[in-house]
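Encoded as structure tokens, here's the structure I'll be asking about.
The values are calculated or read from the model by the stated rules, or taken from the named source; none is laboratory data. In this text, all values refer to a predicted model and were calculated from it rather than measured experimentally. Every residue, glycine among them, receives a Cβ derived from its backbone with ideal geometry; neighbour counts consider all protein chains shown. Areas reflect the complete protein model, heavy atoms only, side chains present, ligands, DNA and RNA absent. Shrake-Rupley method; radii C 1.70, N 1.55, O 1.52, S 1.80 Å.
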Amino acid sequence: LVLTVHNIEEYVRASLEAGADGYLLKKSSYKELLNAIKHVISGDPYLDPGISGKIIAGYLNNKADGEKSSYYGTLTPREREVLKLIAEGHKNSEIAGYLFISLNTVETHRYNIMKKLDLHNVAALTSYAIKHGLVHI
């Protein structure tokens, strides 16, 4: 059972794909926590009521847009950092400086991100990052 503050669909999906049987937000009540534990112990999956609507909407949207958002889970933590910085408008050289990596490494991460997400320009990357809660407008 994952207990977290993150109510982003990709985090839920990644947790479930990693083997979690339940996902609960930290703002939940004690009663809700006990309910979630009981479900998971009995072998039933459990999703926080505060996130289940997003999961259903995300599922329906993914069916409509070819499930591109499901590829988020294939990104490494470093690729997620690079994607966030790209979406915030940073240049490759700035990203290299922030993350203490070479410019070539940033370019490799950028290439891999675009390939994994099947996105082809900075505008698409930025839109994706906003849609998936990596940056806020």
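Please count how many residues of the range 102-130 are surrounded by fewer than 16 Cβ atoms within 10 Å (Cβ to Cβ) and over 12 Å from Glu79 (Cα atoms).
Total meeting the criteria: 11.
Can you work out which of the residues in the range 17-42 that are among the charged types (D, E, K, R) and closer than 27 Å to Tyr71 by Cα is least open to solvent (accessible area, probe 1.4 Å)? Quick ask: steps written out before the conclusion?
Let us first name the residues in the range 17-42 that are among the charged types (D, E, K, R), namely 17, 21, 26-27, 31-32, 38.
The next check asks that each one be closer than 27 Å to Tyr71 by Cα; those that pass are 17, 21, 26.
Working: Glu17: 129, Asp21: 84, Lys26: 125 Å².
So the residue we want is Asp21.
Right, another one. Filtering the range 1-10 down to residues that are touching a helix residue (DSSP H, G or I) at 6+ places or on another chain (Cβ under 9 Å) and not in a helix (DSSP H, G or I), which residue is nearest to Leu75 (Cα to Cα)? Reasoning before the result, please.
We begin by selecting, within the range 1-10, every residue touching a helix residue (DSSP H, G or I) at 6+ places or on another chain (Cβ under 9 Å); these are 1-4, 6-10.
Subset that is not in a helix (DSSP H, G or I): 1-4, 6-8.
Details: Leu1: 23, Val2: 20, Leu3: 22, Thr4: 20, His6: 18, Asn7: 19, Ile8: 15 Å.
Here the answer is Ile8.
Return the total of residues in the range 85-101 being open to solvent by 80 Å² or more (accessible area, probe 1.4 Å), charged (D, E, K, R) and over 22 Å from the mean Cα position of the chain (by Cα).
1
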